[in-house]
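Beneath this line is the structure, given in structure tokens, with notes to follow.
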Amino acid sequence: MAETILEVKDFGIEFHDHDRPERVVEHVDFSLQKGEILGIVGESGSGKSMTALAIAGLLPRKKLRKEGQILFLGEDLMTMERKKLRSLQGDEISMIFQEPMTALNPTMRVGMQVEEALRIHHPEVSAEERKRRALAWLKNVEMDDPERVYEAYPHELSGGMRQRVMIAAAMVGNPQLLIADECTTALDVTVQAQIIRLLLEINQKEQVSVLFISHDLSLIRQISHRVIVMQLGHIVEQGDVEQIFNAPQEEYTKHLIAAIPQVVL
Amino acid sequence: MKTIREWIKKHRNFNFFAGAGITSLILLVALVGIFYTPYASTEMNAAAKNAAPSLQHIMGCDNYGRDIFSRVMEGIRNTFFISLATVAIGTFAGILVGSVCGYFGGLPDDILMRVNDALFAFPSILLALVIISLLGTGTINVVLALGIAFIPSFARIVRSEYKKQVTLDYVQSARLMGAGHLRLIFVHILPNIVPVLLSSVMIGFNNAVLAEAGLSYLGIGVQPPEASLGRMLSEAQSYLFTAPWYALFPGLVIVLMVLGFALLAEGMTEE
Ligand SMILES: Nc1ncnc2c1ncn2[C@@H]1O[C@H](COP(=O)(O)OP(=O)(O)OP(=O)(O)O)[C@@H](O)[C@H]1O
Ligand SMILES: [Mg+2]
């Protein structure tokens, strides 16, 4: 019996920063098992990022109402003490952002940034051990010369390399949950393929659960075990990847799938 | 080391080198002035009253027959270190106030920034005058007064930089790694505002030079017989026609000091 890592129950977000309250996510229910890759797909503005940020605990606390529950290993992240939440962030839950160009601190050496989660959550780990683990992860994400990358500043690396650095930084603390929001959107196709392959590999080896968010259905198809289709803040349909792609139930899903560009070689 | 060399390479431009040249020359004079001046700065010589520049007194003598070059050296030293201390106080406190306001926002930000705006509405020199009238004259008080008077402008710049930085992905990403507020403010964000900070420090230094000269000119800065560039200018006023060199050289040095720093600041921000 698989262990449930994440359970989102009747989750909703309502913004109160304009004259009228604006519901951007509503009645979202799903769960994520250990070692599973869950793809969330949907058009722009469908609430994918908002859901991801909420799970990561990064939503602003002001001018915004949240409802429902986000259970991480059975505990509600939304009502949890901030201190407890902070101890999970980066250690058990980590995230890769869309823009590898801006997600790394330009003034900090890559090595420092990869080690950050360890430095914060595991001060008992010695500096040498930290470095050893950071280098090991840089190697895991297929850096040719981990030692050099460790000493480099972000601007010395290509976009693809930076995204791999982000993966290393996210994984160094051995999290249970990895959230990837459009993490390949800014990259070109060959680099995209490499990142996808890496994520699959890491998922296999480390048994980390992955929430993979994208508006690219073919990527979702390649990587996901299960898929959620979102539209206008609602879940339209969810199911196993084969079922969604081979036997979609909802009109909206059928439309999306019909719209995938077919590459004929 | 490597990064410093790269940095210099990137900023290799005329302004930078001209500014660095002038500034290091002045700095050198200030440093030498600590240990050695051709004459004692307070040594009077009745025979050399208002003497014109000559080989013995390359910048001439003032109305007491004191060697102007020696007094300029001492004046540069005083002005330089007072300005440095002033900027240090302004920057340090400005970073503290500005970063907290910019990072957290909200009510404390509103309150502090209203106070800041109110202070900012007065020219620094006026603010410094008020503070000196409370503290009394003297070098330390001048430094304190100018330093405090400089806080609002630094706080403002730092705050607006922090406001910009907190929204960036790298801050979110560090926050998600569990970094606390202090760590985010000082370890993650601060290095990213250094370039902006650096040029405002340079401009602030220039303003401090002028403000110190202004206060001394008004007679409430460095106290006689200590030499100060501003004070020399004010004393030289009565002798503009009998001894024009008396006003010329201190004035020229102030201009050079400000120019050197302005060029340096310009060159550093130029890509
Ligand atoms: N501050 C805000 N106030 C009101 N509405 C907001 C605010 N921020 C975001 N939204 C709305 O929330 C909705 C969901 O946005 P979200 O970023 O989650 O979409 P997304 O599915 O990630 O889209 P994309 O594919 O473009 O990344 C959008 O319609 C957006 O307009
Ligand atoms: Mg998004």
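The values are calculated or read from the model by the stated rules, or taken from the named source; none is laboratory data. Given the structure is predicted, the values throughout are model-derived calculations rather than measurements. Glycine gets a Cβ as well: all are built from the backbone with ideal geometry, and neighbour counts include every protein chain shown. Only protein heavy atoms, including side chains, enter the accessible area calculation; ligands, DNA and RNA are left aside. Shrake-Rupley method; radii C 1.70, N 1.55, O 1.52, S 1.80 Å.
A:Pro261 meets each of the listed conditions (1) at pLDDT below 90; (2) in a helix (DSSP H, G or I) apart from (2). Residues that are within 15 Å of ligand 2 (Cβ to nearest atom) and of a type in the set (Gly, Ala, Ser): does the range A:36-43 have at least one? Yes, that holds for at least one residue.
Under the condition of being in a helix (DSSP H, G or I) and open to solvent by 10 Å² or more (accessible area, probe 1.4 Å), which residue from the range A:220-248 is nearest to A:Val165 (Cα to Cα)? Within the range A:220-248, the match that is nearest to A:Val165 (Cα to Cα) is A:Gln222. If we keep just the residues of the range A:174-194 that are part of a loop (DSSP other than H, G, I, E, B) and at pLDDT 90 or above, which is nearest to ligand 1 (Cβ to nearest atom)? Here the residue is A:Pro175. The C-beta contact set for the range A:83-97 (first residue more than 7 Å from chain B (Cβ to nearest Cβ), second residue open to solvent by 20 Å² or more (accessible area, probe 1.4 Å), distance under 6 angstrom, 6+ apart or interchain) comprises A:Leu85/A:Gly57; A:Glu92/A:Gln176.
Taken together, the residues in the range B:166-177 that are more than 21 Å from B:Ile111 (Cβ to Cβ) and more than 10 Å from chain A (Cβ to nearest Cβ) amount to 1. Say we look at the range A:53-72 and pick out the residues that are surrounded by fewer than 20 Cβ atoms within 10 Å (Cβ to Cβ) and within 16 Å of ligand 2 (Cβ to nearest atom); which of these is nearest to the other protein chains (Cβ to nearest Cβ)? Per the criteria, the residue is A:Leu58.
Residues being away from ligand 1 (no atom under 16 Å from the Cβ) and crowded, with 22+ Cβ neighbours inside 10 Å are entirely absent from the range A:73-86. So which residues in the range B:230-271 are assigned to a helix (DSSP H, G or I) and among the hydroxyl-bearing types (Ser, Thr, Tyr), if there are any at all? Scanning the range B:230-271 gives B:Ser234, B:Ser238, B:Tyr239, B:Tyr246, B:Thr269. For the range B:215-252, which positions are over 23 Å from B:Val143 (Cα atoms) and buried (at least 16 other Cβ atoms within 10 Å of the Cβ)? Within the range B:215-252, B:Ala236, B:Tyr239, B:Ala243, B:Trp245, B:Tyr246, B:Ala247, B:Leu248, B:Phe249 meet the criteria. Can you confirm whether B:Ile157 is more than 14 Å from chain A (Cβ to nearest Cβ) and buried (at least 20 other Cβ atoms within 10 Å of the Cβ)? So B:Ile157 fits the description; yes. Out of B:Gly180, B:Gly136, B:Gly147, B:Gly102, one residue alone is within 12 Å of chain A (Cβ to nearest Cβ) and among the small types (Gly, Ala, Ser). It is B:Gly180. Counting the residues of the range B:187-222 that are hydroxyl-bearing (Ser, Thr, Tyr) and under 20 Å from B:Ser153 (Cβ atoms) gives 2. The set of residues in the range A:130-188 that are within 16 Å of ligand 2 (Cβ to nearest atom) and on the phi > 0 side of the Ramachandran plot contains only A:Glu182.
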